[in-house]
Amino acid sequence: MESQEAPVPLVFVHGLRVSGAMWQPVIQAIGKDHPTAAPDLPGHGSRRGEPFTVAGAVAAVADAIDELGGRALLVGLPLGGFVATATAGAHPDRVLGLVAMGCSTQPSGLFAATYKAAGRLAARYPRRADRLSAFAFRRALPGPAGEALVAGGLSSGSASSVIKAVCETDTLASLAAYPGPVWLVNGERDHFRRDERDFLKACRDGRLFLLPGCGHLTSLADTGAVAGLVRDAAAVVTARTHGSPVWEGRR
């Protein structure tokens, strides 16, 4: 149970091709217990057509934090997890905690080459890629979660530059630079969890959660579970900020 202190602000950071709208089912499940924001990153949603850079994405998240009072718990999946982690490393004094979902890998070698090739193909045929993505999202996540992924429009044209930027970002260094609490959350079947032990080791204050039976995005299927995980993280942050005891769950 959270304390009666001021609720922790939450900033949700979206994934590749989609927009901040992807988080609406989770935000609705959390309700009005916490101030929330879900900004669009450069090249996505309302900012479609803008060039994507990690620095620009970090600035967008930092602006959202400022709008909520200057400090917040960050929640991101999967591009959002990379960006949220980069924000925590760059602005540790503004990040109360970090929930990084589906992003426990440092793309390299064949994995990075395949990832970049898929991004180039999507950017070359963006309309076709958008249609295929919408179909895949709705098939993987029938109902509100899938509809939320496409609600803000899709931006496959940005995929190549985004993936290149992610592959060139040292996420492990950002984790090592951040002293606050980190929750690494991965689906059991997610191919983006391949370096999760290295990521956990890089954290100064980290814990790893595996979601049984889930893949890269299907963790969003159980909106209540994701909302509960975020609320638990917020409770830990609240307790640490105000010196109250709290149960932190599994390590």
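Every number here is computed from the coordinates shown, using simple stated rules; none is lab data. These numbers come from a predicted model, not from an experiment. Here the Cβ positions follow ideal geometry from the backbone for every residue, glycine too, while neighbour counts run over all protein chains shown.
Against the main long axis of the alpha-carbon atoms of the chain, helix 54-67 sits at an angle near 40°. Quick one: check the C-alpha center-to-center distance for segment 103-150 versus segment 1-61, whole angstrom. About 19 Å separates the Cα centre of segment 103-150 from the one of segment 1-61.
Among the GluC sites (Glu not before Pro) in segment 1-100, those located in a DSSP loop and surrounded by at most 12 other Cβ atoms within 10 Å of their own Cβ are 5.
Set the Förster distance to 22 Å, then compute FRET efficiency between residue 46 and residue 132 from the Cβ-Cβ distance, nearest 0.05. In this case the efficiency is close to 0.45.
With 0.36 nm allotted per residue and the present C-alpha distance subtracted, the residue 118-residue 164 stretch has 15.5 nm of extension available. Each principal axis of the chain carries a Cα extent, and these read 53, 35, 35 Å when sorted largest first. Applying 1/(1 + (r/R0)^6) with R0 = 22 Å to the Cβ-Cβ distance of residue 200 and residue 240 gives a FRET efficiency near 0.70. Among the GluC sites (Glu not before Pro) within segment 152-225, those in coil by DSSP and having at most 15 neighbouring Cβ atoms inside 10 Å are 168, 188. For the chain, the longest principal axis of the alpha carbon atoms and the long axis of helix 126-140 meet at an angle near 50°.
Placing pseudo-labels 7 Å out from each Cα toward the beta carbon at residue 66 and residue 225 gives an inter-label distance of 3.8 nm. Looking at segment 92-182, none of the chymotrypsin sites (Phe, Trp or Tyr not before Pro) sits in a DSSP loop with at most 10 other Cβ atoms within 10 Å of its own Cβ.
Taking the longest Cα principal axis of the chain as reference, the axis of helix 223-242 is set at about 40 degrees.
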